[in-house]
Amino acid sequence: MSDRAFIAQLDGYGLTMAEIHYHRPDAPSLLQLFVWQDYDLAPDFPVLFAFLDHWHREIEAALHSVRVAHNQLIRPAEWRADDGVISIQ
């Protein structure tokens, strides 16, 4: 059995985090924070936009702002040759 997250990364998905700031209907002067995280495709973010569409349809809280961070976790390895001597005492 394969891990869903690993298979998604092989398909080009990367870890996406969104900070969603919103106003609750019972306390409109307060700004609340909800953190969402899932695997998504940048730069279109179809999974995030599907979640935000769900939020807009099903949740009464009004969105204030959304800040997105994305990192593609599987990528070519980076290495650098070091020319020197490391002393271990």
Give a residue-ordered list of calculated ³J(HN,Hα) values for the stretch 27-39 (Karplus: 6.51 cos²θ - 1.76 cosθ + 1.60, θ = phi - 60°; whole Hz; x for Gly, Pro).
-> 9, x, 7, 9, 9, 9, 10, 10, 9, 10, 9, 6, 8
Using only Cα atoms, figure out Rg for the stretch 1-75 and give it as a multiple of 2.2 N^0.38 Å.
-> 1.28
How would His56, His64, His70, His21 line up by accessible area, probe 1.4 Å, largest first?
-> His56, His64, His70, His21
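The values are calculated or read from the model by the stated rules, or taken from the named source; none is laboratory data. The structure presented is a predicted model; accordingly, all values stated were derived computationally and were not measured. For the accessible areas, the whole protein counts, side chains as well, though only heavy atoms, and no ligand, DNA or RNA atoms are used. Shrake-Rupley method; radii C 1.70, N 1.55, O 1.52, S 1.80 Å.
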